[in-house]
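Reviewing the structure listed below.
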Amino acid sequence: MYRYVFGPVISRRFGLSLGIDLSPDKKSCNFDCLYCELERAKPANRIELEPDPEDIVKELSDWLSKNSYPDVITITANGEPTLYSRLEELIERVNTIKGSSKTLILSSGSMIGNVNVRGALKKFDIVKLSLDAADQKTFEKIDRPLKGIEVEKLIESMVSFRREYRGTLVLEVLVVANVNDREEVIQKVVEACRRIQPDRVDISTVDRPPAYRVKPVSNQRLYNLSKLFEGLNVNVAVRKDGGDVTKIHLDKDDIIHTFKNRAYTYSDIEHLFDECTKRSISQLLSEGILMEISVGNLNFVKAKSLTS
Ligand code: SF4
């Protein structure tokens, strides 16, 4: 039985994902998010009982020798993986054995201001950082960070990181009802995203039992908020029980205009548009007027004149 390697799991956002947990014994995180799937815990700034990279790599090599390579090897933690002091050493070693898989890290972004952490992150193929709010008041309310963490400094560091990083940068925005779901709050996140210039923005809501008594927003609300992210590749993660979304009808000219402003995933197309619009989208794709692009193992459709 493995101690650090788990899965693989099918991730709608990243494909077949094999996980590596850097703190299997205890939650170690410098945030205490309202929506966390783990138990509530006082924020901490280190991982207790850090694993040896050697032990992790041994397990990973063993798994890879017995199975086909997953789409992504995902470094995560029972908490925040960038608190791991030997992250750079680990990713360098994982990169030597990853074969055709891409490396991915799921981070809150809380340590992005640390130059050593940024150095380690640059060695991943895909980096996912969270940005639930861009104003300090809402940030503290939803993410409940360790005292002294300022969201504006995190955003500035994300901007610098984007300039240095050649891989795929994904930002995740998790929307919680009555906490960060007002348009003014999300508009500030959009402005921060425009400064950071990620390759993709994933917008989602509470999906699994959260640490605190908070509620998800409806799928319709998520789609309405996603419209604010004009010009960015936005992926909306809908919930199965998140309510129906009003189907939209667009004629061909409107489709082209709309898809110039925003790229849509196939899942969003399925949820948002009526049958007639979906047929027109397929036709425009086959005529080459719309095109498909892949960002972090997720396919988007956008108007051809836009670059990816
Ligand atoms: S950053 Fe992630 S692990 Fe940490 S409290 Fe928030 S959701 Fe939980």
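Within the bounds of segment 28-43, is there any residue that is free of Cβ contacts under 8 Å to residues at least 60 places away in the same chain and among the acidic types (D, E)? No: segment 28-43 contains no residue that is free of Cβ contacts under 8 Å to residues at least 60 places away in the same chain and among the acidic types (D, E).
Scanning for something touching a His at 6+ places or on another chain (Cβ under 7 Å), of a type outside the set (D, E) and either surrounded by fewer than 16 Cβ atoms within 10 Å (Cβ to Cβ) or part of a helix (DSSP H, G or I) (or both), does segment 241-260 turn up at least one residue? Within segment 241-260, not a single residue is touching a His at 6+ places or on another chain (Cβ under 7 Å), of a type outside the set (D, E) and either surrounded by fewer than 16 Cβ atoms within 10 Å (Cβ to Cβ) or part of a helix (DSSP H, G or I) (or both). Within segment 218-243, residues that are among the charged types (D, E, K, R) reach partners that are surrounded by fewer than 21 Cβ atoms within 10 Å (Cβ to Cβ) with beta carbons closer than 7 Å, at six or more positions or on different chains, in the pairs R221/D181; E230/N261; E230/R262; R239/D207.
Select from segment 27-80 the residues that are β-branched (V, I, T) and part of a helix (DSSP H, G or I) and list them in ascending order.
Taking segment 27-80 and keeping what is β-branched (V, I, T), we get 47, 56-57, 72-76.
Selection gives I56, V57.
In segment 64-86, the residues that are farther than 11 Å from S107 by Cα and free of Cβ contacts under 8 Å to residues at least 60 places away in the same chain form Cβ pairs under 7 Å with partners that are surrounded by fewer than 18 Cβ atoms within 10 Å (Cβ to Cβ) and of a type in the set (V, I, T), at six or more places apart or across chains, as follows: L64/I97.
Does segment 122-131 include one or more residues that are in a helix (DSSP H, G or I), in the same structural domain as T76 (by TED's automatic domain parsing) and not hydrophobic (A, V, I, L, M, F, W, C)? Walk me through it before giving the result.
Taking segment 122-131 and keeping what is in a helix (DSSP H, G or I), we get none.
No, the conditions are met nowhere in segment 122-131.
Going by the conditions given, is R3 surrounded by fewer than 22 Cβ atoms within 10 Å (Cβ to Cβ) and in contact with a Pro (Cβ under 8 Å, 6 or more places away or on another chain)? Yes; evaluated as a whole, the condition is true for this residue.
Note on segment 197-222: residues that are over 23 Å from C36 (Cβ atoms) and in contact with a helix residue (DSSP H, G or I) (Cβ under 6 Å, 6 or more places away or on another chain) total 1. Does at least one position in segment 285-305 carry a residue that is at pLDDT 95 or above and in a helix (DSSP H, G or I)? The answer is yes, given that some residue of segment 285-305 is at pLDDT 95 or above and in a helix (DSSP H, G or I).
Taking segment 159-186 as the range and being touching a helix residue (DSSP H, G or I) at 6+ places or on another chain (Cβ under 6 Å) and among the polar types (S, T, N, Q) as the test, only N180 passes.
Against the test of being assigned to a loop (DSSP other than H, G, I, E, B), closer than 22 Å to V175 by Cα and touching a residue at least 12 places away in the same chain (Cβ under 8 Å), the options L154, L146 yield a single qualifying residue, L146. Check segment 5-26 and report whether any residue there is more than 12 Å from the ligand (Cβ to nearest atom), outside any loop (DSSP other than H, G, I, E, B) and among the charged types (D, E, K, R). For segment 5-26, residues more than 12 Å from the ligand (Cβ to nearest atom), outside any loop (DSSP other than H, G, I, E, B) and among the charged types (D, E, K, R): absent.
The values are calculated or read from the model by the stated rules, or taken from the named source; none is laboratory data. All of these numbers come straight from a predicted model, not from anything done at the bench. Backbone-built Cβ (ideal geometry, glycine too); neighbour counts: all protein chains shown.
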